[in-house]
Amino acid sequence: MTVSVNVSRFEDVSMAPPDPILGVSEAFRADTNNMKLNLGVGAYRTEELQPYVLNVVKKAENLMLERGENKEYLPIEGLAAFNKVTAELLLGADNPAIHQGRVATVQGLSGTGSLRLAAALIERYFPGSEVLISSPTWGNHKNIFNDSRVPWSEYRYYDPKTVGLDFNGMISDIKEAPEGSFILLHGCAHNPTGIDPTPEQWEKIADVIQEKNHIPFFDVAYQGFASGSLDADASSVRLFVTRGMEVLVAQSYSKNLGLYSERVGAMNVVCSSSDVAARVKSQLKRIARPMYSNPPIHGARIVANVVGDPTLFNEWKEEMELMAGRIKTVRQKLFDSLSSKDTSGKDWSFILKQIGMFSFTGLNRAQSDNMTNKWHVYMTKDGRISLAGLSLAKCEYLADAIIDSYHNVS
Ligand code: PLA
């Protein structure tokens with residue numbers, strides 16, 4: 001049989017749209033204007049707007065070279081030393097759940113891959129159960145649950161009127177969800193809004209989740225980036241675990257250790273007994289095996305070396321405070337620039353109230369398009385800008401772009 005080379009068997013495959021976040025970086029790379037600024041993806045840059053490899057990461061890599069470590073396959077669940085320290089970093093080394101062997105931890109392909117493992121677990125063992133996600137949320141959450149065939153719906157989170165948390169809406173939507181739903185929560189530094197519940201609000205959220213027998217499912221992608229403190233940023237998760245609840249937690253080291261392309265993270269399931277944890281872990285491994293077989297070793301060894309070594313661990317905390325501090329400084333400078341340049345009386349103080357890497361500017365799609373088309377400022381179309389990609393030197397320029405887009409484009 002002959003096959004004509006002119007007729008593709010893939011003719012029916014349509015062109016996929018660019019990714020709303022990573023597609024922004026592609027467009028940025030194609031722009032030749034020298035004022036261009038990439039505030040799309042949440043990736044930390046130095047004041048010179050260069051990527052940053054943490055010193056502790058370089059030190060850990062040097063240690064690994066000195067030891068001449070091999071490249072054998074890891075077990076399906078990942079590097080044991082990594083799994084141990086990652087659960088400890090999340091829950092606190094003295095957490096009873098760890099000592100009682102109730103935490104099933106497997107190394108995943110960063111935050112995304114870990115979320116995907118949990119989604120597959122939900123699809124397999126909780127057929128028909130819904131995952132509730134915040135409105136808005138990180139765009140990829142929807143893709144992850146869609147592709148895993150897990151139904152999802154949204155709970156109210158952001159109130160554009162107050163540019164704050166719609167706490168009552170959130171609580172009532174969680175209350176109204178069918179019993180036993182999974183409630184996806186951002187552990188800290190909510191993406192994209194930069195608005196987190198207060199400690200008192202977290203208690204109330206835990207109350208309704210407990211009342212309704214829901215299962216809390218945390219996405220922790222920014223531990224250390226909200227407050228600069230690793231422990232403080234894990235307090236939401238620890239609160240739920242302390243109450244004795246079963247909790248799922250996806251972790252990522254992309255941002256806090258700057259290991260973006262190493263794809264290192266973990267899925268933790270805190271269970272009610274060590275027996276259940278052992279079974280859950282065995283099923284997570286069973287899900288991982290046909291997906292990617294076993295995870296990459298390099299990033300896991302870096303994490304194990306940094307988190308597992310008291311000296312490197314302390315150095316990491318200092319570097320993280322520096323990164324979080326630089327973002328706070330540009331946040332302040334952006335607010336100052338907007339306040340002094342904008343004579344309309346608009347209140348820009350919401351920028352100072354938001355935390356983490358991002359600012360949710362309130363710019364709409366047309367205004368965001370103007371930011372990019374006219375000002376060469378690349379950002380996501382929901383109005384989110386990554387302050388981690390901003391320098392002090394560019395704050396005034398950015399303020400001009402925002403003021404023009406806000407007042408002159410409807
Ligand atoms: N969860 C949340 C809430 C995130 O914001 C991100 C990354 C991840 C998980 C996954 O990151 P990882 O797979 O690299 O660990 N969000 C980024 C990048 C920083 C992205 O969209 O992939 C963002 O710009 O929103």
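The values are calculated or read from the model by the stated rules, or taken from the named source; none is laboratory data. Being a predicted model, the structure only gives us computed values, none of them experimental. All Cβ positions, even for glycine, are placed from backbone atoms using ideal geometry, and neighbour counts span all protein chains on display. Note: areas computed on protein heavy atoms with side chains; ligands, DNA, RNA excluded. Shrake-Rupley method; radii C 1.70, N 1.55, O 1.52, S 1.80 Å.
Overview of results
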quantity	calculated
Residues within region 217-255 that are within 12 Å of the ligand (Cβ to nearest atom), in contact with a strand residue (DSSP E or B) (Cβ under 9 Å, 6 or more places away or on another chain) and assigned to a loop (DSSP other than H, G, I, E, B), tallied	5
Residue check for Ile287: closer than 15 Å to Leu74 by Cα, more than 13 Å from the ligand (Cβ to nearest atom) and modelled with pLDDT of 95 or more	no
Subset of region 100-144 [within 15 Å of the ligand (Cβ to nearest atom), among the polar types (S, T, N, Q), under 20 Å from Gln283 (Cα atoms) and outside any helix (DSSP H, G or I)]	Gln107
Qualifying residue in region 200-216 (condition: open to solvent by 50 Å² or more (accessible area, probe 1.4 Å), outside any strand (DSSP E or B), at pLDDT 95 or above and polar (S, T, N, Q))	yes
Of residues in region 36-70 being away from the ligand (no atom under 16 Å from the Cβ) and among the basic types (Lys, Arg), the one farthest from Leu322 (Cα to Cα)	Arg67
Lone qualifier among Val220, Val163 - being on the phi > 0 side of the Ramachandran plot and assigned by the TED database to the domain that holds Ser114	Val163
Any hit, region 27-35, residues being β-branched (Val, Ile, Thr) and either open to solvent by less than 50 Å² (accessible area, probe 1.4 Å) or within 15 Å of the ligand (Cβ to nearest atom) (or both)	no
Condition check for Ala324: modelled with pLDDT of 95 or more and either farther than 26 Å from Leu22 by Cβ or outside any loop (DSSP other than H, G, I, E, B) (or both)	no
Checklist (1) open to solvent by less than 10 Å² (accessible area, probe 1.4 Å); (2) part of a loop (DSSP other than H, G, I, E, B) applied to Met371, failing item	(2)
Matching option when the condition is in the same structural domain as Arg116 (by the TED database), surrounded by fewer than 18 Cβ atoms within 10 Å (Cβ to Cβ) and at pLDDT 95 or above, among Ser272, Ser181	Ser272
Test result for Asp147, assigned by the TED database to the domain that holds Asn256, exposed (fewer than 15 other Cβ atoms within 10 Å of the Cβ), closer than 24 Å to Lys255 by Cβ and within 16 Å of the ligand (Cβ to nearest atom)	yes
